[in-house]
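What follows is a set of notes on a single structure, which appears directly below.
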Amino acid sequence: MVDSQDNADGSGTPPSSPLSSLPPSPPSPSPGVKAYQLLKHEIALRRDFISFIDHLFNSKRIAALLGAGLSVPSGIPTFRLDPTKLASEHSMDEENAPVSWQFWADRRRNALEAKPNLAHFALAELAKKKDFLAISQNIDGLCERAGHPSNSLVRFHGCMFHLKCHNALTIHMSVNTKDPIVPALAIKQQEGVNNEIRYDELPICKAPHCRELLRPDVVFYGEAPAEKAVHAADAWYSKDGVDLMLVIGTTAVVRPACDYIDKAMEGGAKVAIINLAARGSGAGEEADGEAAVNAQFAAKADWYFQGDVAAILPALLREVVGSLEDTEEEELAFV
Ligand SMILES: [Zn+2]
């Protein structure tokens with residue numbers, strides 16, 4: 001609570017203070033006005049919660065687009081990559097692979113050390129209670145570890161714990177959750193890039209007669225999402241309409257994953273955004289293309305719940321998924 005003695009007109013500031021040369025701030029609302037504004041905000045929020053829960057209850061088919069913000073409460077940072085070195089088609093070239101693999105080894109370790117949060121568990125439970133499809137842009141495996149059924153989870157950008165080889169004739173797929181994945185990659189990247197690591201010390205495909213370099217089966221810049229993921233999402237959408245679209249922890253501007261929001265809306269779905277960023281943040285004259293698109297999208301949503309997704313999502317879904325107190329992480333099982 002702001003102290004009501006804290007006058008905004010600067011009357012408590014000595015004349016010699018350098019602050020006295022600043023133009024006076026606009027007067028703060030009185031405590032009574034502030035309390036009224038707070039109450040109005042709380043009533044609006046409660047009304048939003050009630051109308052959302054009512055719609056959730058009556059929704060037969062629910063889709064969700066999941067982004068990096070879902071895993072931020074688990075300690076997985078959101079960041080943009082340097083696509084030329086770390087996540088492009090050339091990142092696994094002989095020259096770039098030692099640096100690129102150090103980056104991926106570090107991300108894998110970070111994800112393995114993290115735990116699924118209550119939002120991951122809430123979504124996993126929702127999948128057991130409703131006809132629900134989650135289209136995930138995350139590659140950290142936390143939905144899987146929260147027990148999300150594999151038939152209602154589409155990994156649009158792949159998974160860091162799936163590996164594939166760069167073989168021109170065929171693709172060998174494998175699952176690997178070892179850390180370090182090879183002895184040379186035991187070093188942590190925050191200690192700096194190790195330029196001593198050689199190409200032949202990196203993870204190598206063990207399929208008979210292959211010996212090609214392995215890479216994480218994730219969608220690099222310039223690559224299309226896995227056909228399997230697109231087919232699974234399209235098949236689910238083609239069955240019937242969508243009643244509710246949840247957009248969780250994502251700016252919803254990365255195509256083609258965000259096209260599934262438009263598809264749901266065309267079919268009459270109501271849209272709820274749950275995100276740490278405030279509605280309309282990044283909008284305005286200064287906004288770059290991405291922020292402007294995001295702000296336009298947010299303006300069209302039926303609900304916008306701002307805050308920590310690990311706190312908000314379980315509360316929003318509670319009427320359907322129940323209490324999550326007894327949920328436990330599942331064994332690593334990446335199907
Ligand atoms: Zn191979």
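The values are calculated or read from the model by the stated rules, or taken from the named source; none is laboratory data. These figures come from a predicted structure and were not determined experimentally. Every residue, glycine as well, gets a Cβ built from its backbone with ideal geometry; the counts of neighbours run over all protein chains shown.
Look at Arg108 and say whether it is modelled with pLDDT of 90 or more, at negative phi and not hydrophobic (A, V, I, L, M, F, W, C). Taking the combined requirement at face value, the residue satisfies it.
Quick check: anything in the stretch 243-265 in contact (Cβ under 8 Å) with a residue 40 or more places away in the chain, away from the ligand (no atom under 15 Å from the Cβ) and more than 23 Å from the chain's Cα centre (by Cα)? Looking for residues that are in contact (Cβ under 8 Å) with a residue 40 or more places away in the chain, away from the ligand (no atom under 15 Å from the Cβ) and more than 23 Å from the chain's Cα centre (by Cα), one finds none in the stretch 243-265, hence no.
Against the list (1) in a loop (DSSP other than H, G, I, E, B); (2) without any contact (Cβ under 8 Å) to a residue 24 or more places away in the chain; (3) touching a helix residue (DSSP H, G or I) at 6+ places or on another chain (Cβ under 8 Å), the condition Lys178 fails is (3).
If the condition is being in contact (Cβ under 8 Å) with a residue 12 or more places away in the chain and either in a loop (DSSP other than H, G, I, E, B) or among the aliphatic types (A, V, I, L, M) (or both), then the stretch 187-203 contributes Ile187, Lys188, Val193, Asn194, Asn195, Ile197, Arg198, Leu202, Pro203. Taken over the stretch 295-312, the residue count meeting the criterion of being part of a helix (DSSP H, G or I) and under 10 Å from Pro73 (Cβ atoms) is 3. All conditions but one from (1) within 16 Å of the ligand (Cβ to nearest atom); (2) within 21 Å of Asp106 (Cβ to Cβ) apply to Phe220; the one that does not is (1).
Scan the stretch 181-217 for residues that are within 13 Å of the ligand (Cβ to nearest atom) and either within 16 Å of Glu94 (Cβ to Cβ) or of a type in the set (Gly, Ala, Ser) (or both) and the total you get is 9. Among the residues of the stretch 33-56, the one identified as polar (S, T, N, Q) and farther than 16 Å from Leu317 by Cβ is Gln37.
For the stretch 153-171, a tally of residues being touching a residue at least 60 places away in the same chain (Cβ under 8 Å) and within 10 Å of the ligand (Cβ to nearest atom) returns 1.
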